[in-house]
Amino acid sequence: MTASVTEAAKANSELDPAAGKITLKAAAGEGTMRAGQWDPEQKKVVIREVSIPEAGPGQFLVKIASASLCHSDILSIEANNTATLGHEGAGYIEKMHSSVEDKGFKVGDPIGFLYIIGCCFECEGCMIHNIHCVTGKQLLQGFTTDGFFAEYAVVDYQNAMKLPESIDIKTASPIFCAGITAFHAVDNAELKEGDWMAVVGAGGLGQQATQIAKAMGFKVVALDVNDATLEVCKKQGADAVFNSRTNKGYVEELKKLTSGGVRAACVFSNADAAYAGVPAILRLGGVMMVIGLPHNPLNISSMDLALGKYKVKSESTGIPQRMKKAVEFLAKHNIKPEVQQRKLDDLNDMVTEMKEGKATKRMLAQNLTSIKTTMTLKKIDHEFKNDALSYDATPNYQPCIKLSFFFNKKPDVSDEQFHRYSSLVVCARHPLTFPPIDLSHWETVHADLTIAAKDFKACKIQRYVQFHQTADMKEKAKQLGLEHVAFDGCSEILVRDWDDWMKFYSSPEYARVMQPDCAHFMAFPIHVMVGCDNLVYGQAIPGEGSKDGITAETLQSK
Ligand SMILES: [Zn+2]
Ligand SMILES: [Zn+2]
């Protein structure tokens, strides 16, 4: 989010006398939530209890998982905007307006999103930047309408995308401003593999641009006046760094290193001096990429442009149609912003630190949902057919702890070798064409080693079950239209208490025999769930304290 965009939005509403009346602020839904807003009277950010917004046409209600502070948020404060702050957010879809039910999203999806809302997303203006939408209805979240430093926010579906699985939603928010901008800058700097690119301004955006450029196969030289940020750039892969303040001969050194200058310079700094130094380091015909926005107009020689000495381009977060490419690249190459984890209640401190220039990393609030929530489940009037299940009855927790270890088979182990179940079933039908391959290491050797272990008995393990998900079962699962948990297998172990399990898990035999044996068939990482069965229907494992659930007999006796 950039200064010029804010100003354009302001200008827009000043030009249009009706703009003051247009309000896309979402209608209030049910309940209240906490939101961080600037209070011009107290001159500080306060956390207010406000109405949870309601998703209007084309919108989702999103439960915010992360929101981060960007330098341009300070501009919103300086303009005395009182809307909820924040234009960098990621979260889960909580509710959807009926008009967006066929747009490829569903409740619970983890999403990231941009922040210009209310525009049409398809006019000539919206193809350039949504701030230019011809409808004039565009509003900036965190500036002219409520943003993301709140438990919930509304989001236009056109602005949203599902997060790739490898992106952690709890730190995803900066991607949707800084990350995307850094990507567009590098991606459009007209570079070829092996070319030199300069990062001018080695702060957060410059650091991400460094990683992106390296992932694209470019060579990077970073320039800054701060040795600490240059050091970070170096750690993130910069081939060379120069302190342009303390190293008087840096231009000569850089030209020598790059055999005549860089092919492109992405300027993330907003200092006049940073821009002034760029023509000297560009090679003939190079690109000056304008990202940082100084207050003063750029001082660029028209003669230089006319003679093709260099050209000038610029990028920002851009339009949502372009964000997917950026986000998928960042996910694929595991490029993450450096973040500092804070709380919503810290927002005023975060703003102060940002203003004082003390922030070294993106400050990000997580877990914005407070424990006290107004959207709790309520008891409903229900006539129970089974007394054992009523609100007043005691739940039927079994006196065991259950550990479920979900894992995939190693890639070089075939489905038939992993599940004898599938080969037997297939072979029963085609006994001649497919002889059974009875080589499941998990079902045979591993199971035998487990049960034979000395501590298996000593630790009173109650049950050991191998749960197989074969290829044809996976196909069946996918027909259900739900999120598929695609593991090949799950080992379920029931123990009487946690100490018993830990004794087994930390036994020398486990380390010496069991663990190395896993390497024969198991791919890592292993996912684990630990919990307790509430037995609703069916028979219990016999033992002290266990009690059957409702059974066919109980039902019949009614
Ligand atoms: Zn931003
Ligand atoms: Zn438009």
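What do you reckon, is Ile111 outside any loop (DSSP other than H, G, I, E, B), within 16 Å of ligand 2 (Cβ to nearest atom), hydrophobic (A, V, I, L, M, F, W, C) and within 30 Å of Val45 (Cα to Cα)? Break it down stepwise before answering.
Numbers: outside any loop (DSSP other than H, G, I, E, B): yes; within 16 Å of ligand 2 (Cβ to nearest atom): no; hydrophobic (A, V, I, L, M, F, W, C): yes; within 30 Å of Val45 (Cα to Cα): yes.
No; evaluated as a whole, the condition is false for this residue.
Every residue in the stretch 213-249 that is among the basic types (Lys, Arg), over 20 Å from Ala331 (Cα atoms) and either under 30 Å from the mean Cα position of the chain (by Cα) or in a helix (DSSP H, G or I) (or both), please. Steps first, please.
Initially, the stretch 213-249 is screened for residues among the basic types (Lys, Arg), giving 214, 219, 234-235, 245, 248.
Subsequent filtering for residues that are over 20 Å from Ala331 (Cα atoms) retains 219, 234, 245, 248.
Passing the criteria: Lys219, Lys234.
Starting from the stretch 462-484, keep only residues that are in a loop (DSSP other than H, G, I, E, B), then list their pairs with residues that are surrounded by 13 or more Cβ atoms within 10 Å (Cβ to Cβ) and acidic (Asp, Glu) whose Cβ atoms are within a distance under 9 Å, requiring at least 6 positions of separation or different chains.
Partner pairs satisfying both residue conditions: Gln469/Asp488; Thr470/Asp415; Thr470/Asp488.
Taking the condition closer than 17 Å to Leu344 by Cβ, away from ligand 2 (no atom under 16 Å from the Cβ) and either in contact (Cβ under 8 Å) with a residue 40 or more places away in the chain or outside the structural domain of Arg342 (by TED's automatic domain parsing) (or both), does Ala79 pass? First the steps, then the outcome.
Details: closer than 17 Å to Leu344 by Cβ: no; away from ligand 2 (no atom under 16 Å from the Cβ): yes; either in contact (Cβ under 8 Å) with a residue 40 or more places away in the chain or outside the structural domain of Arg342 (by TED's automatic domain parsing) (or both): yes.
Criteria not met by Ala79.
Among the residues of the stretch 319-361, which ones are in a loop (DSSP other than H, G, I, E, B) and touching a Leu at 6+ places or on another chain (Cβ under 9 Å)?
Let us first name the residues in the stretch 319-361 that are in a loop (DSSP other than H, G, I, E, B), namely 319, 333-338, 343, 356-361.
If the condition is that a residue be in a loop (DSSP other than H, G, I, E, B) and touching a Leu at 6+ places or on another chain (Cβ under 9 Å), then Ile319, Lys336, Pro337, Lys343, Ala359 are the ones that fit.
Please enumerate the residues belonging to the stretch 269-312 that are under 26 Å from Ala178 (Cα atoms) and assigned to a helix (DSSP H, G or I).
Asp272, Ala273, Ala274, Tyr275, Ala276, Val278, Pro279, Ile281
Can you tell me which residue within the stretch 279-304, out of those that are within 20 Å of Glu190 (Cα to Cα), out of contact with any Lys or Arg (no Cβ under 9 Å at 6 or more places or on another chain) and of a type outside the set (A, V, I, L, M), is surrounded by the most Cβ atoms within 10 Å (Cβ to Cβ)?
Selected residue: Gly292.
So, in the stretch 119-149, exactly how many residues are of a type in the set (D, E, K, R) and free of Cβ contacts under 8 Å to residues at least 60 places away in the same chain? I'd like the intermediate steps shown before the answer.
Narrowing the stretch 119-149 to residues of a type in the set (D, E, K, R): 122, 124, 137, 146.
Among the residues that remain, those that are also free of Cβ contacts under 8 Å to residues at least 60 places away in the same chain are: 122, 124.
Here the count works out to 2.
Here are Ala274, Ala240, Ala265, Ala326: which of them is within 19 Å of Ala209 (Cβ to Cβ) and not assigned by TED's automatic domain parsing to the domain that holds Asn188? Spell out the reasoning first.
Values: Ala274 fails: not assigned by TED's automatic domain parsing to the domain that holds Asn188; Ala240 fails: not assigned by TED's automatic domain parsing to the domain that holds Asn188; Ala265 fails: not assigned by TED's automatic domain parsing to the domain that holds Asn188.
Result: Ala326 is the single residue among Ala274, Ala240, Ala265, Ala326 that is within 19 Å of Ala209 (Cβ to Cβ) and not assigned by TED's automatic domain parsing to the domain that holds Asn188.
Being away from ligand 1 (no atom under 16 Å from the Cβ), surrounded by 16 or more Cβ atoms within 10 Å (Cβ to Cβ) and in a loop (DSSP other than H, G, I, E, B) is true for just one of Cys119, Cys126. Which residue is that?
Working: Cys126 fails: in a loop (DSSP other than H, G, I, E, B).
Exactly one residue qualifies, and that residue is Cys119.
Name the single residue that is farthest from Asp345 (Cα to Cα) among those in the stretch 42-72 being within 16 Å of ligand 1 (Cβ to nearest atom) and not polar (S, T, N, Q). Spell out how you get there, then give the answer.
Step one: filter the stretch 42-72 for residues within 16 Å of ligand 1 (Cβ to nearest atom), giving 64, 66-72.
From what is left, the residues that are not polar (S, T, N, Q) are 64, 67, 69-71.
On the way: Ile64: 15, Ala67: 12, Leu69: 13, Cys70: 17, His71: 19 Å.
Within the stretch 42-72, the match that is farthest from Asp345 (Cα to Cα) is His71.
Here are Cys70, Cys133, Cys119, Cys123: which of them is over 12 Å from Ala153 (Cα atoms), within 16 Å of ligand 2 (Cβ to nearest atom) and in contact with a Lys or Arg (Cβ under 9 Å, 6 or more places away or on another chain)?
Working: Cys70 fails: within 16 Å of ligand 2 (Cβ to nearest atom); Cys133 fails: in contact with a Lys or Arg (Cβ under 9 Å, 6 or more places away or on another chain); Cys123 fails: in contact with a Lys or Arg (Cβ under 9 Å, 6 or more places away or on another chain).
From the options Cys70, Cys133, Cys119, Cys123, the qualifying one is Cys119.
Quick check: anything in the stretch 389-406 farther than 30 Å from Glu544 by Cα, at pLDDT 85 or above and surrounded by 11 or more Cβ atoms within 10 Å (Cβ to Cβ)? Give the derivation first.
Within the stretch 389-406, the first condition is being farther than 30 Å from Glu544 by Cα, and the residues that meet it are none.
No, the stretch 389-406 contains no residue that is farther than 30 Å from Glu544 by Cα, at pLDDT 85 or above and surrounded by 11 or more Cβ atoms within 10 Å (Cβ to Cβ).
May I ask you to list pairs of residues, at least six apart or on different chains, whose Cβ atoms are under 7 Å apart, with the first in the stretch 150-175 being within 16 Å of ligand 2 (Cβ to nearest atom) and the second being of a type outside the set (A, V, I, L, M, F, W, C) and not in a helix (DSSP H, G or I)?
Asp156/Gly58; Asp156/Gln59; Tyr157/Gly58; Tyr157/Gln59; Tyr157/Lys103
Would you be able to say whether some residue in the stretch 44-53 is more than 16 Å from ligand 2 (Cβ to nearest atom), of a type in the set (Lys, Arg), in contact with a helix residue (DSSP H, G or I) (Cβ under 9 Å, 6 or more places away or on another chain) and farther than 19 Å from Gln341 by Cα? Step through it out loud before you land on a result.
Taking the stretch 44-53 as the starting set, the residues that turn out to be more than 16 Å from ligand 2 (Cβ to nearest atom) are 44-53.
Retained after the next criterion (residues that are of a type in the set (Lys, Arg)): 44, 48.
Imposing the further condition that a residue be in contact with a helix residue (DSSP H, G or I) (Cβ under 9 Å, 6 or more places away or on another chain) reduces the set to 44.
Now restrict to residues that are farther than 19 Å from Gln341 by Cα: 44.
Scanning the stretch 44-53 turns up at least one residue that is more than 16 Å from ligand 2 (Cβ to nearest atom), of a type in the set (Lys, Arg), in contact with a helix residue (DSSP H, G or I) (Cβ under 9 Å, 6 or more places away or on another chain) and farther than 19 Å from Gln341 by Cα.
Please state which one of Gly142, Gly112, Gly86 is within 16 Å of ligand 1 (Cβ to nearest atom), under 16 Å from the mean Cα position of the chain (by Cα) and crowded, with 17+ Cβ neighbours inside 10 Å.
Numbers: Gly142 fails: under 16 Å from the mean Cα position of the chain (by Cα); Gly86 fails: under 16 Å from the mean Cα position of the chain (by Cα).
Exactly one of Gly142, Gly112, Gly86 is within 16 Å of ligand 1 (Cβ to nearest atom), under 16 Å from the mean Cα position of the chain (by Cα) and crowded, with 17+ Cβ neighbours inside 10 Å, namely Gly112.
Cβ-Cβ distance below 7 Å, separation of 6 or more or different chains: which pairs start in the stretch 275-291 with a residue that is under 15 Å from Val251 (Cα atoms) and end on one that is polar (S, T, N, Q) and part of a loop (DSSP other than H, G, I, E, B)?
Once the first residue is under 15 Å from Val251 (Cα atoms) and sits in the stretch 275-291, its partners that are polar (S, T, N, Q) and part of a loop (DSSP other than H, G, I, E, B) give Ala276/Asn299; Gly277/Ser244.
Taking interchain pairs and intrachain pairs at least six residues apart, which have beta carbon atoms under 6 angstrom, with the first residue in the stretch 440-460 and outside the structural domain of Arg420 (by TED's automatic domain parsing) and the second surrounded by 15 or more Cβ atoms within 10 Å (Cβ to Cβ)?
Close Cβ pairs (under 6 Å, with a partner that is surrounded by 15 or more Cβ atoms within 10 Å (Cβ to Cβ)) do not exist here.
The values are calculated or read from the model by the stated rules, or taken from the named source; none is laboratory data. As the structure is a computational prediction, the values presented were derived from the model and not from experiment. Methodologically, a virtual Cβ is constructed for each residue, glycine included, from the backbone with ideal geometry; neighbour enumeration extends over all protein chains shown.
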